[in-house]
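Throughout, read-outs are computed from the coordinates displayed, never taken from laboratory work. Fair warning: this is a prediction, and the values are worked out from it, not measured in the lab. Note that we place each Cβ from the backbone using ideal geometry, even for glycine, and neighbour counts take in every protein chain shown.
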Amino acid sequence: MNILGIGTIFSQGSGIDALESALENGPLQPADVDALYGADGKRKAFTVDFDSVPDKGMLKKIRRADKLSKMSVVAAAAAVTDSGITDLSDKRVGIILSTAFGAHVTTFEFLDGIIDYGEKNVSPTSFSNSVHNAAASYISTSLDIKGPTLTVARFRFSFQSALELGKSWLEQGRCDYLLLGAVDQYGDVLGYVSENKLNPALEGEIKPFSFGQGGHIPGECSVFFLLGHELTSSSYCSIDGVYTAHDPNSAEKVNLNVLSADGMLKDESLYLQHLSPEISVAAYSPLFGSIMTGGAMNIAAAALTIKKQQTYASPGNSAFPGLKIVNASEPSTISTIRCIDVNCRGECATVYLGRLRDIT
């Protein structure tokens, strides 16, 4: 299957142009956010600002939606626009949304409402938005899409699991196109848990290649891909393999490894066993923050790398003995990229991206 369009929304803006700009110019500073668990009431996080969204009319249509759903709709709509496919109304378009924590912010708001006001007076809007499939439903209704819709919720590898499922949908002919993406939101509870269970970035910077040293700054984002079998002038690359368990191609030589290494593990050194000194390696989590589904953003960056035939420097002056870390943005011949995500048990999920054949 091919990536026909990509849409994003994260701390540095919305749309694929915002991601490309971030890759070229590097990260911005995380924002100060209210933190009830902090002694000073403030913490750092990479948060989404809807001021960057060009189509405010779409946001007005879903004004009752929570932030998670709004991020999902914005990214999904941007992916369709980016593909250049102008009309999907007569097509069967599947929607698969992946998430690690779902609408946990809204869920806690709903629970707080029960505590504060009682079961009879709690907000019905909070309840409806807290349902796991609400965000996917908002995408379907906002973009007038008719097709199978599913939400995949899993702490780690949720996006890769969704890709496996999406690949089978397209191969079986269940849909003509597939809108597949990931979304996760920052919240006070998540901030508290991550600060007490992970390693905060004491220097205010995520360092993916400081293996074993930690470096966690919470973030939120949504990224969506329009996938299909056709080949267009706007296409990015092909998805040649997705593995969430055993990877039969782990010994294959690729042009570039891209890591999800985002500070969401106690010890990022688990990635080292999957790297080779002969293959260049990059990671882009400092651009959008520590997010369980951040691997999807790294895959978007990898797709841009293949389409533009340009490597993008890993944020910061990274170095680690025995690794060829990409520290400069420059034109490069890139045919194959392996995107790697590792969980706390050392299990690995991989996604292989390949260059498209010339369009005739």
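This ranking places 339, 221, 237 by how few other beta-carbon atoms lie within 10 Å of each, fewest first, which gives 237, 339, 221. For chymotrypsin sites (Phe, Trp or Tyr not before Pro), the sites in region 3-107 that DSSP calls loop and that have at most 16 other Cβ atoms within 10 Å are 37. Bridgeable lysines around residue 197 (alpha carbons under 23 Å apart, same-chain partners fewer than 8 residues away excluded): 42, 44, 207, 266.
Each stretch of four or more DSSP H residues adds -39500 (n - 2.57); spread over every residue of the chain, this sum gives -8500 deg cm²/dmol at 222 nm. Simple point charges give the picture: +1 on the Cβ of Lys and Arg, -1 on the Cβ of Asp and Glu, and for the chain a dipole about the Cα centre of about 480 debye. Take the convex hull of the alpha carbons in region 195-328; its mean projected area over all directions comes to 9.0 nm². The antiparallel fraction among DSSP beta bridges confined to region 2-354 stands at about 60%. Listed from fewest to most Cβ neighbours within 10 Å, the set 308, 44, 253 follows the order 253, 308, 44.
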